[in-house]
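Each reported figure results from applying straightforward, stated rules to the coordinates on display, with no laboratory input. Only a predicted model underlies this, so the values are computations on that prediction, with no experimental measurement involved. FYI the Cβ positions are ideal-geometry reconstructions off the backbone, even for glycines, and counts take in every protein chain you see.
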Amino acid sequence: MNLLDSTTRPVSRQTFDEVIVPTYAPASMILVRGKGLEMWDQEGKRYLDFTSGIAVSALGHCPQVLVEALTEQANKVWHLSNAYTNEPVLRLALALTEATFADRAFFCNSGAEANEAALKLARKYAHEKFGAHKSRIVSCLSSFHGRTLFTVSVGGQPKYTEGFEPLPPSLDHIKYNDIEAARAAIKDDVCAVIVEPIQGEGGVIPGDTEYLKTLRELCDQTGALLIFDEVQSGVGRTGALYAYMHHGVTPDILTSAKALGNGYPIGAMLTKNDIAKHFGVGSHGTTYGGNPLAATVALKVVETINQPAFLNRVKDAAGKIMANLEQLVVDYPGVFKSPRGSGLLIGLPLGDAYKGRAKDFTKAAEALGLMLLIAGPDVIRMAPALVVSDEQIAECDRILRQAIDGIVKAA
């Protein structure tokens with residue numbers, strides 16, 4: 001087969017099964033075009049997307065402002081080695097440090113890489129400041145921090161580490177939102193505590209402010225660094241640029257990705273000067289991190305989202321969706337439990353009689369033209385683009401009700 005054949009031959013869902021490593025089991029349709037919160041598949045069927053690529057496409061699909069910024073940069077320079085710097089990444093670093101607690105930024109390609117950098121930095125900081133004995137990392141059960149061997153081991157979901165043993169040592173997992181468990185685990189040998197301000201993959205569970213404050217206090221007492229994983233909750237998703245801003249708790253290191261590039265791969269680790277200095281020249285790196293294309297897109301994303309009117313609209317839209325879901329709980333007794341979440345990261349837990357069937361609900365909705373997520377087998381997750389309209393919120397409610405009716409009647 002020559003190159004022309006491979007670029008023009010028809011492809012289908014079956015092609016995935018033939019040529020892609022089977023780490024995923026994607027839906028039967030292939031999406032070929034998107035605009036805003038709307039997507040169309042190969043057959044021309046329209047879908048309302050309430051997934052935004054798992055909280056990635058915060059400004060929707062193909063927003064004109066990002067298309068123009070990316071196109072302009074694509075005609076200038078795409079890539080430089082890390083022996084050089086570039087204007088877009090410097091502007092992005094200035095924007096993020098001016099908008100947050102941080103003094104310094106490190107850019108990479110994904111949330112997993114951002115967390116890997118954060119955990120490596122925490123270990124190096126502790127080793128150089130206190131000695132090699134201070135190396136233990138504490139994270140939470142049901143957390144998710146990435147799929148590298150290090151980050152997946154730090155994450156508190158054994159299903160993702162089965163078969164990859166032996167795992168890195170000196171990692172402990174505690175119950176989320178459990179202050180006493182935190183007090184028992186965070187001792188003088190701990191170098192870092194990593195936590196999601198709202199657990200996404202673990203069921204869309206918001207962190208209690210008192211719990212997060214306690215983690216901050218315990219880290220201050222023991223000399224450990226507090227890392228906030230805001231890969232999913234960051235860049236406007238909760239109605240603030242970053243979720244830590246809601247709680248009055250400032251981390252030592254923050255990780256960001258997903259919405260930061262609106263689908264263009266980029267991750268960031270943000271921290272303070274006295275911590276950043278422990279990552280000296282040659283101690284960590286990345287080939288593509290902070291490349292001009294990614295940095296250009298991310299800067300425009302941050303500039304667009306980090307505006308009071310934009311963030312207030314996120315809160316307003318979230319309130320409308322939550323009100324609809326609370327009414328669903330009333331209208332379908334026993335099917336759902338109370339919705340939960342923060343901003344436009346929302347979970348709808350299933351009632352006991354429907355436990356384990358979250359995927360059934362999302363598949364039924366998908367057949368009717370609504371794309372939804374799950375957060376484990378018992379929770380339907382919604383993470384629409386932050387630009388979702390009132391009309392789209394109403395359409396989601398209508399289609400979801402139709403999907404629920406079909407499942408309930410068949411029960």
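For Ser142, nonlocal amide neighbours, meaning residues 5 or more places apart or on other chains whose placed amide H falls under 5 Å from its own, are Gly156, Gln157.
Could you tell me which of rounded, prolate or oblate describes region 77-124, using a ≥ b ≥ c as the square roots of the eigenvalues of the alpha-carbon gyration tensor, with rounded for a/c under 1.5 and, failing that, prolate when a/b is larger than b/c and oblate otherwise?
Working: a/c = 2.09, a/b = 1.25, b/c = 1.67.
It comes out oblate by the Cα gyration axes.
Rank Ile346, Ile194, Ala295 by how far each Cα sits towards the positive end of the charge dipole of the chain (+1 on Lys, Arg Cβ; -1 on Asp, Glu Cβ) and give me just the farthest. Selected residue: Ala295. The distance from the alpha carbon centre of region 209-225 to that of region 70-141 is 22 Å, rounded to a whole number. When the alpha carbon gyration tensor of the chain is reduced to an equivalent ellipsoid, its three semi-axes come out at 34, 28, 21 angstrom, largest first.
Shown here for region 6-75: chymotrypsin sites (Phe, Trp or Tyr not before Pro) in loop regions (DSSP other than H, G, I, E, B) with at most 15 other Cβ atoms within 10 Å, namely Tyr24. Only aspartates and glutamates eight or more places from Lys124 in sequence, or on another chain, were considered; those with a Cα closer than 15 Å are Glu116, Asp189, Asp252, Asp274.
For Gly351, nonlocal amide neighbours, meaning residues 5 or more places apart or on other chains whose placed amide H falls under 5 Å from its own, are Phe336, Lys337. Summarising the strand pairing of region 77-305, around 40 percent of its internal DSSP beta bridges are antiparallel. For region 77-305, the square roots of the Cα gyration tensor eigenvalues, ordered a ≥ b ≥ c, give a/c of at least 1.5 with a/b greater than b/c, which places it in the prolate category. Our coupling estimate for region 205-221, obtained by passing each phi through the Karplus curve with A = 6.51, B = -1.76, C = 1.60 and θ = phi - 60°, is 10, x, x, 6, 4, 5, 5, 5, 5, 5, 4, 4, 5, 5, 5, 4, 5 Hz, Gly and Pro reported as x. The alpha carbon centroids of region 244-284 and region 378-393 are separated by 27 Å. The chymotrypsin sites (Phe, Trp or Tyr not before Pro) found in region 136-183 that occupy coil by DSSP, while having at most 16 further C-beta atoms within 10 Å, are Phe164. Taking a straight line from the alpha carbon of Lys35, these lysines sit under 28 Å away, with near neighbours fewer than eight places off in the same chain left out: Lys45, Lys76, Lys258, Lys300, Lys315, Lys320, Lys359, Lys363. Going by neighbour counts of Cβ atoms within 10 Å, the residues Ser256, Ser57, Ser81, Ser153 line up, fewest first, as Ser81, Ser153, Ser57, Ser256.
Its relative contact order, with pairs defined as Cα atoms under 8 Å and 6+ residues apart, puts region 77-305 at 29 percent. State, as an integer percentage, the relative contact order of the chain based on alpha-carbon contacts under 8 Å between residues 6 or more apart. Reported relative contact order: 21 percent. 3J(HN,Hα) couplings calculated from phi for region 337-354 with the Karplus curve 6.51 cos²θ - 1.76 cosθ + 1.60 (θ = phi - 60°) are, in sequence order, 9, 4, x, 8, x, 8, x, 9, 10, 10, x, 10, x, 7, x, 4, 5, 10 Hz; Gly and Pro show x.
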